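J.: Here's a structure for you.
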DNA sequence: AGGACACTTCGCCGGGCAACGAAGTTTCCG
DNA sequence: CGGAAACTTCGTTGCCCGGCGAAGTGTCCT
């Protein structure tokens, strides 16, 4: 009758609006974005977007920093992305409507960023390559789709476990990847809706992604979250890390 | 502009309604419930509850099995509970309004079930006792509140790790706990909003909870999710497992 | 049978909220 | 110092959806 405990409903209501969901999903990219860009992305007017963003900021899901006459919006904390992923796990896949959409979906399926690391087919291939070369260990062969779904069900706090091996450390260092020493867990996994397999998350996943960007082996696409493999990346990724490509 | 990817917004919309959120939270209990009980719990009429439940079932968040003239509703899959927890992590704590509410909140704070295992103060004490007696190992002392918040942020897929020790296995077996051999992870942890500490989840957490029920050391309260410690439990829990009580 | 019970269906009412456009505010640039 | 760009504020409009009660359907109990 009256709300009790944490007020789940009102948080959910923030995500329940399609425009706000699009905004949040866009921000999952990890990169900050401006109000007008988000408005364009959601296909709504500037004033409407402003109202939405005000609500999101007010609820502490999103933060703003003012940079002159523009403002940069970001996700406030990792939990927000986690909640979005959890909801996505519940959502039934939506039928594709337009061609433009289907190409975009296809691009997302190929490779995209998930908060701050690589996901999609490319992310999964990278993970598999690291396992195959012995750069990563553990997981009990859980890279397979069926099991991936299983342990997705047991999240959060699952005891499935990957670790970076010495060979992996040297290989990545040779590539110029800064092995992080932060408090943030080094190796995590993440299961996504397109591939239903693990890909590399955590501090290491983010570090590798950053490095691939500076090497210009991958590049952000025109639409948010989409990642393109550059010709250089197409050459060097199989060479240096053993990633298989089509 | 148009929905893309999984339709997060519509799933969120299902949770965005306060009555439905109450229903889902009640079902988080783990026990099935009837339509009228859920209606009463949410403080709405039977017809309204019926409409809500129809939507939840239609969206595959909840399942029904007909048992004669009554129907038993359950959460359809663990992901639903996970999504609710993820949203709760985002929700700001709500100010308590009525006295009735505050007593119920206090009861929840003391001890409750979280999906299928013990949470609240009792759940945390149990976890601590298991650690203190060496029945559980690992976690790097992460049972402390500050760190618990930290790794909650890094969920899901965190690499924090607890394990059942041989001494724990014998002690629990002696108590009559069936050590599970299912695929489900044996030991998981779970951080909750009241205590901000770990408590024991996973197959083992569920098994222990079941056993305590059959021993009649704990009992379901009148309101959903609330657990009461029986006099027998108050005597034997400190004795057998080293749980400290006030 | 018949009556109580559990739940669903239907129609109606009312509130909340997203969307827009126009006008105001702040900041940057030439 | 203007004028443009980036957001915000405000007032309006229209729709969606939760709530109820009354009537309908199926099931169990005696």
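Computed from the coordinates by the stated procedures, all read-outs in this text should not be read as laboratory data. None of these values were measured; they are calculated from a predicted model. No Cβ is skipped: glycine too gets one built from the backbone with ideal geometry, and neighbour counts run over all protein chains shown.
J.: With each label point set 7 Å from Cα along the Cα-Cβ vector, what nm distance links residue B:69 and residue A:175?
T.: 6.6 nm
J.: Right, here's the next one. Need one number: the % of Cα-Cα pairs in the stretch B:8-91 sitting beyond the 16 Å mark.
T.: Across the stretch B:8-91, Cα pairs with separations above 16 Å total 46 percent.
J.: Let me ask another. Once the Cβ-Cβ distance between residue A:137 and residue B:47 is put in as r, and R0 is 51 Å, what FRET efficiency do you end up with, to the nearest 0.05? Walk me through the numbers on the way to the answer.
T.: Details: r = 57 Å, r/R0 = 1.11.
My answer for the efficiency is 0.35.
J.: Take residue A:240 and residue B:235, extend 7 Å from each Cα along the Cα→Cβ direction, and tell me the distance between the two endpoints in nm.
T.: 6.9 nm
J.: Describe numerically, in nm with one decimal, the distance between label points set 7 Å from Cα along Cα→Cβ at residue B:60 and at residue A:58.
T.: Between residue B:60 and residue A:58, the label points sit 3.5 nm apart.
J.: Something else: Defining the label point at 7 Å along Cα→Cβ, can you sort the distances from residue B:169 to the same site in each other copy, shortest first, in nm?
T.: 3.1
J.: Under the convention of a label 7 Å out along Cα→Cβ, give the distances in nm from residue A:232 to the same position in every other copy, shortest first.
T.: Taking the point 7 Å beyond Cα along Cα→Cβ, the inter-copy spacings are 7.1 nm.
J.: Enter the per residue convex hull volume of the stretch A:37-86, computed from alpha-carbon coordinates, in Å³ rounded to the nearest integer. Walk me through the numbers on the way to the answer.
T.: Values: hull volume 4.2 nm³, N = 50.
Roughly 85 Å³ of hull volume per residue.
J.: Taking each label point as 7 Å beyond Cα in the direction of the beta carbon, state the distances from residue A:48 to the same residue in the other copies, shortest first, in nm.
T.: 3.0
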